[in-house]
Amino acid sequence: MYICEDGSVDNYVRVLSPNGSLSDFAKNIVPGYESYEFAGCTFSPDGATLFVNIQTPGLTLAIWGNF
């Protein structure tokens with residue numbers, strides 16, 4: 001499960017594995033907006049692209065990979 005985190009300083013997309021372990025997947029490093037939260041993520045219908053939003057300044061990012 002991919003989880004968008006709202007941290008007080010650093011903000012991450014994290015992965016929760018079936019066995020309950022949590023790991024970092026992506027960190028918000030958008031210049032000037034590093035402390036703003038990820039606000040939702042979803043996969044494309046084919047599962048090849050993960051879309052994540054950063055609440056401020058209102059960005060949607062596409063991450064391609066072998067999920």
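Quick look at the numbers
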read-out: Identity of the residue in the range 23-40, under 10 Å from Ile3 (Cα atoms) and touching a Cys at 6+ places or on another chain (Cβ under 8 Å), that ends up surrounded by the fewest Cβ atoms within 10 Å (Cβ to Cβ); value: Gly40
read-out: Search result, residues across the range 49-66 that are among the hydrophobic types (A, V, I, L, M, F, W, C) and loosely packed, with under 13 Cβ neighbours inside 10 Å; value: Ala62, Trp64
read-out: Unique residue being assigned to a loop (DSSP other than H, G, I, E, B), over 9 Å from the mean Cα position of the chain (by Cα), at positive phi and at pLDDT 95 or above when the list is Gly32, Gly47, Gly20; value: Gly20
read-out: Selection count where residues are farther than 20 Å from Phe67 by Cβ and aromatic (Phe, Trp, Tyr), scope the range 23-51; value: 2
read-out: Residue tally, condition surrounded by 15 or more Cβ atoms within 10 Å (Cβ to Cβ), touching a Ser or Thr at 6+ places or on another chain (Cβ under 9 Å) and either assigned to a loop (DSSP other than H, G, I, E, B) or among the polar types (S, T, N, Q) (or both), over the range 2-16; value: 1
read-out: Neighbours by Cβ (under 6 Å, 6+ apart or cross-chain): first from the range 16-38, within 14 Å of Leu59 (Cα to Cα); second among the polar types (S, T, N, Q) and surrounded by 14 or more Cβ atoms within 10 Å (Cβ to Cβ); value: Asn28/Asn11; Glu34/Asn28; Tyr36/Gln55; Glu37/Asn11; Glu37/Gln55; Phe38/Asn11
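The values are calculated or read from the model by the stated rules, or taken from the named source; none is laboratory data. All figures in this text were calculated on a predicted structure; none of them were measured in a lab. Note: ideal-geometry Cβ built from the backbone for every residue, glycine included; neighbour counts use all protein chains shown.
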